[in-house]
Amino acid sequence: MTPKKIAILFSGGVDSTATAIYLLKRGYETHLLTFDNGAEKWLDLAEYKAGWIKKQFPERCSWELRDSTHLFHELAIRPLEQDVKKFGNLICCGCKLAMLCEAIIYCKRNNITELADGFQRAQDYYPEQTPDYMVPADRFAGAYGIRCLHPFWEHPELKQDQITLSGAVPPSPIQPYCIFGCNPILNKKFIRPYVRSKLPAMRKYVDAALSHSKSKK
């Protein structure tokens with residue numbers, strides 16, 4: 001039987017590594033996607049960490065570096081001053097939305113219908129790991145036939161370190177550094193309005209990319 005394919009937002013950190021191992025041990029063919037938003041360094045660390053996973057699951061794991069620079073700039077950098085005045089500093093949320101769009105495009109081009117991440121309930125001080133982000137973001141992906149999975153959010157009893165070690169992969173975070181990282185929420189009430197404000201541009205971007213893909217066939 002051909003394994004079911006799934007894409008994973010992969011940084012090489014503890015959570016995304018555990019997510020990859022968790023899904024690989026359940027028989028998935030995993031596509032690890034790391035994104036360059038133009039404000040990161042040490043991206044090769046994500047590739048290095050993915051190499052550990054690929055070594056243990058050579059037939060069902062791949063890694064790819066994707067570029068989210070343009071959309072991140074359009075969604076979050078260019079309107080930053082205006083957004084901060086209206087919503088507060090949710091630039092990391094904008095980064096994740098750009099990644100989501102690029103991941104959806106990748107999934108559609110590769111006949112993948114599921115997309116996973118390492119979100120956790122205990123990390124809801126990050127905007128993208130709150131229902132205010134996840135509900136509209138998941139709905140957006142669903143409009144393109146992509147189902148979002150959040151294994152550690154849905155099953156907080158799972159232990160990331162134990163799962164990662166069970167795959168013979170180091171659990172330590174080996175990942176790129178972003179200058180906008182470690183940006184906790186100051187006021188959760190602005191997250192959902194922020195996401196909603198970005199949806200039209202996201203939809204336009206994804207539709208244009210998918211339309212271009214069809215025209216090339």
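The values are calculated or read from the model by the stated rules, or taken from the named source; none is laboratory data. Just so you know, these numbers come straight off a predicted model, no measurement behind them. Here the Cβ is made from the backbone with ideal geometry for all residues, glycine too, and neighbour counts use every protein chain on show.
Below is a table of values for the structure above.
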| quantity | calculated |
| --- | --- |
| Residue check for LEU71: at negative phi and free of Cβ contacts under 8 Å to residues at least 40 places away in the same chain | no |
| Enumerated helices (runs of 4 or more DSSP H) restricted to the stretch 114-184, each holding at least 3 residues that are over 14 Å from LEU97 (Cβ atoms) | 151-154, 160-166 |
| Test: residue in the stretch 94-101 that is of a type in the set (A, V, I, L, M, F, W, C), farther than 26 Å from GLU40 by Cα, assigned to a helix (DSSP H, G or I) and in contact (Cβ under 8 Å) with a residue 12 or more places away in the chain | no |
| Selection count where residues are in contact with a Pro (Cβ under 7 Å, 6 or more places away or on another chain) and either at pLDDT 95 or above or in a helix (DSSP H, G or I) (or both), scope the stretch 3-16 | 1 |
| ALA7 being over 18 Å from ILE104 (Cα atoms) and touching a residue at least 24 places away in the same chain (Cβ under 8 Å) | no |
| Residue in the stretch 66-83 that is in a helix (DSSP H, G or I), touching a Ser or Thr at 6+ places or on another chain (Cβ under 7 Å) and either modelled with pLDDT under 95 or within 25 Å of THR113 (Cα to Cα) (or both) present | no |
| The stretch 145-156 residues that are surrounded by 19 or more Cβ atoms within 10 Å (Cβ to Cβ), paired with ones that are among the β-branched types (Val, Ile, Thr) (beta carbon under 6 Å, 6 or more apart) | ILE146/ILE104; PRO151/THR19 |
